1. Please go through the stretch 123-140 and give me each residue that is of a type outside the set (A, V, I, L, M, F, W, C) and either farther than 21 Å from Gln162 by Cβ or over 14 Å from the mean Cα position of the chain (by Cα) (or both), ordered by number.
2. Only one residue in Glu12, Glu21, Glu8 is modelled with pLDDT of 95 or more, surrounded by 14 or more Cβ atoms within 10 Å (Cβ to Cβ) and among the charged types (D, E, K, R), so which one is that?
3. Can you tell me which residues in the stretch 53-73 are of a type outside the set (D, E, K, R), farther than 23 Å from Ser107 by Cα and either surrounded by 16 or more Cβ atoms within 10 Å (Cβ to Cβ) or in contact (Cβ under 8 Å) with a residue 60 or more places away in the chain (or both)?
4. For the stretch 17-29, which positions are part of a loop (DSSP other than H, G, I, E, B) and free of Cβ contacts under 8 Å to residues at least 12 places away in the same chain?
5. What about Asn134, is it free of Cβ contacts under 8 Å to residues at least 40 places away in the same chain, farther than 24 Å from Thr55 by Cα and not acidic (Asp, Glu)?
6. From the list Asp77, Asp53, Asp67, pick out the single residue that is more than 26 Å from Tyr154 (Cα to Cα) and among the acidic types (Asp, Glu).
7. Check Lys14 against each of (1) in a helix (DSSP H, G or I); (2) basic (Lys, Arg); (3) farther than 22 Å from Glu158 by Cβ and name the one condition it does not meet.
8. Of Thr128, Thr96, Thr138, which residue is of a type outside the set (A, V, I, L, M, F, W, C), surrounded by fewer than 20 Cβ atoms within 10 Å (Cβ to Cβ) and touching a strand residue (DSSP E or B) at 6+ places or on another chain (Cβ under 7 Å)?
Amino acid sequence: MKNNVFLEYSKEVKAILNSIEYRKYKKAFNKFQKIIIIGNGGSNSIASHISQDMTKFHNKKALSFSDPSMLTCFINDFGMSNAYVKFLNFYSDKKTLVILISSGGESKNIVNSVNYLEKNKISYGVLTGFNKNNKVRTISKKALFNFHVNSKSYGVVECTHQIFLHGLI
């Protein structure tokens, strides 16, 4: 049974190589100097890790919303579904690339972030998994890239997202 999981990992990572979305990500990454990466749970850990590497290896002004005191402050004051929107309101502008990561693509705070970014004409890209027609993926009309991992396994989706982002580091 475990071997099937490794075959799934392998298949999804190989899909990155031929992905039009990866080429779009590369183009966006090279265009922007300021990058914000946002995700929940394991995706937030990926966002934190990748933002540090983008800064260290590419001199990008990259950050994630992973400061526990600010995150809990924003959740308390604005609600979980609006915490990321408030963060984007304070830290993003027209010269920012925002990368939104959502394994299932249904998180209300990520959906609200897409709506905010589209309304304010801020450049963004999305990474999702699970259902191909998830909400984040389908409402992202102006996304510079919209990468989907065809898996229902959190491990496969999260690791593939990290490899996708790390490919330019």
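The values are calculated or read from the model by the stated rules, or taken from the named source; none is laboratory data. Model, not experiment: these values are computed from the prediction. When we count neighbours, we look across all protein chains shown, and the Cβ atoms used for this are built from the backbone with ideal geometry, even at glycine.
1. Within the stretch 123-140, Ser123, Asn131, Lys132, Asn133, Asn134, Lys135, Thr138 meet the criteria.
2. Result: Glu21 is the single residue among Glu12, Glu21, Glu8 that is modelled with pLDDT of 95 or more, surrounded by 14 or more Cβ atoms within 10 Å (Cβ to Cβ) and among the charged types (D, E, K, R).
3. Of everything in the stretch 53-73, those that are of a type outside the set (D, E, K, R), farther than 23 Å from Ser107 by Cα and either surrounded by 16 or more Cβ atoms within 10 Å (Cβ to Cβ) or in contact (Cβ under 8 Å) with a residue 60 or more places away in the chain (or both) turn out to be Met54, Phe57, His58.
4. Asn18
5. yes
6. On the way: Asp53 fails: more than 26 Å from Tyr154 (Cα to Cα); Asp67 fails: more than 26 Å from Tyr154 (Cα to Cα).
Within the list Asp77, Asp53, Asp67, the selection yields Asp77.
7. (3)
8. Thr96
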